[in-house]
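Here's the structure, in structure tokens; my notes come after.
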Amino acid sequence: MAQGGISANLALSGTIFKISMDRLDGSNFNLFVIGDQVGDSQIPVSRLTFSHAEIADLCLSAKLPGIPGIGDVTFLMRAPGENAADAENLVVGATSILGDLSLTEPQIGADVNQVNPDAPVSTWGIVAPEVEVKAQDVQASSIGADKLNARGVTVNVERGVDGGC
């Protein structure tokens, strides 16, 4: 999967889910605004791409209403620890991000298409060779990667929609 191309390769469920992490260290980072097809409509997202990412203390949760025969549930996946996960060609479609961002040699207002051919030509964005993200709350419509390794993973599905990251 090429960086940025997730929306063309994935039918999205329409569920916005939550991601939190203690830290993500990434290389060849870029961010630009584009649409994700969710159901019958497009929603605006910040498309974040990383050629490589290392993640500490990863949590992902989704509130899933109306599961047939069960009702409302919350899906929860955790990978704890300093070396919880790593990914190659990670692509995230985020509707909002709350946290800290540290960029090395940032170019803000760059034409992202110059470094990421999946971004439309003349797309405003942010480019940096290295990034550190500390995210308490990322609301996302999609995540994709060429490869994702997560260690010490626990997955829980609980009744109700009160839990989560």
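The values are calculated or read from the model by the stated rules, or taken from the named source; none is laboratory data. Since this is a predicted model, take the numbers as computed values, not measurements. All Cβ positions, even for glycine, are placed from backbone atoms using ideal geometry, and neighbour counts span all protein chains on display.
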Residues that are among the charged types (D, E, K, R) and in a strand (DSSP E or B), drawn from the stretch 72-85: 72, 78
What's the number of the only condition in (1) surrounded by 20 or more Cβ atoms within 10 Å (Cβ to Cβ); (2) over 20 Å from residue 141 (Cα atoms) that residue 100 fails to meet? (1)
Given 139, 107, which one is farther than 23 Å from residue 18 by Cα and surrounded by fewer than 17 Cβ atoms within 10 Å (Cβ to Cβ)? 107
For the stretch 101-117, does any single residue satisfy the condition of being of a type outside the set (Val, Ile, Thr) and under 30 Å from residue 162 (Cα atoms)? yes
Top-ranked residue of the stretch 86-136 - restricted to ones that are acidic (Asp, Glu) and in a strand (DSSP E or B), ranked as farthest from residue 151 (Cα to Cα): 111
Can you spot a residue in the stretch 36-53 that is closer than 18 Å to residue 132 by Cβ, at pLDDT 95 or above, buried (at least 21 other Cβ atoms within 10 Å of the Cβ) and touching a Lys or Arg at 6+ places or on another chain (Cβ under 9 Å)? no
Consider the stretch 54-74. How many of its residues are touching a Leu at 6+ places or on another chain (Cβ under 6 Å) and either crowded, with 21+ Cβ neighbours inside 10 Å or of a type in the set (S, T, N, Q) (or both)? 2
Scan 87, 79, 94 and give me the residue that is under 12 Å from the mean Cα position of the chain (by Cα), at pLDDT 95 or above and crowded, with 17+ Cβ neighbours inside 10 Å. 87
